[in-house]
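Coordinate-derived values only; no laboratory data. Treat the numbers as computed from the prediction; the structure is a model and nothing was measured. Positions of Cβ are generated from backbone atoms using ideal geometry, with glycine treated the same way; all protein chains shown enter the neighbour counts.
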């Protein structure tokens, strides 16, 4: 899926352009399909910052793709030389980063447009991520952050479960989400 990471001027200029107001939504969407995970990550961040609600379905699609990849397949996260191909090496480098950027983008879109923008399919993914010990803690944290902004019985139940997570950041983010939900009840 991914080609070798390119840390060159062209890559940096492409990334930087994603926040430019003259960059069209179609260009942002195109960047989500880039073979460089860094550009995908930046596009997701720009979508959230710009409040591009039109691309919420595309964010859901990115999460679906990321879920199908062996992003945690690296036997040791620093042993990239064990990869059998450039694509596998880049997948290991990407790890949780694109998925985390997608969740942060959803969180920013909720901030701008409200929690009702999240449909049941996307919500169910985020509910699962929040408590899935197979996910990196950064994914559980970002999921708990999103869930703290969507006040439903299902989100509360998962936040209660995540507030028992052994990982501190996940636990504290879930606890904060529960506090926010109680303030508005």
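Structural remarks
- Based on DSSP H segments of at least four residues, each scored -39500 (n - 2.57), the chain has a per-residue ellipticity at 222 nm of -20000 deg cm²/dmol.
- Compared with the dominant Cα axis of the chain, that is its longest principal axis, helix 56-68 is turned about 70°.
- Springs join every pair of Cα atoms under 10 Å in this Gaussian network model of the chain, and among 66, 41, 133 the largest mean-square fluctuation is at 133.
- Neighbour-count ranking [beta-carbon atoms within 10 angstrom, fewest first] of 88, 145: 88, 145
- Ordered by the number of other Cβ atoms lying within 10 Å of each residue's own Cβ, fewest first, 143, 85 fall into the sequence 85, 143.
- Modelled spin-label separation between residue 124 and residue 112, with each label point placed 7 Å from Cα along the Cα-to-Cβ direction: 2.8 nm.
- Full extension of the segment from residue 57 to residue 11, taken as 0.36 nm per residue of separation minus the current Cα-Cα distance, would add 14.0 nm.
- Each label was represented as a point 7 Å from its Cα along the Cα-to-Cβ direction; for residue 78 and residue 172 these points are 2.5 nm apart.
- Taking label positions 7 Å along the Cα-Cβ direction at both residue 67 and residue 179, the computed distance is 3.1 nm, reported to one decimal.
- Residues 64, 135, arranged from fewest to most other Cβ atoms within 10 angstrom of their Cβ, appear as 64, 135.
- Label-zone membership for the range 1-27, site residue 86, 7 angstrom Cα→C-beta point, backbone N under 11 Å: 2-6
- Were the residues from residue 161 through residue 24 laid out at 0.36 nm apart, the gain over their Cα-Cα distance would be 45.3 nm.
- Contact order relative to length of the chain, as percent, for alpha carbon pairs under 8 angstrom and 6 or more apart: 18 percent
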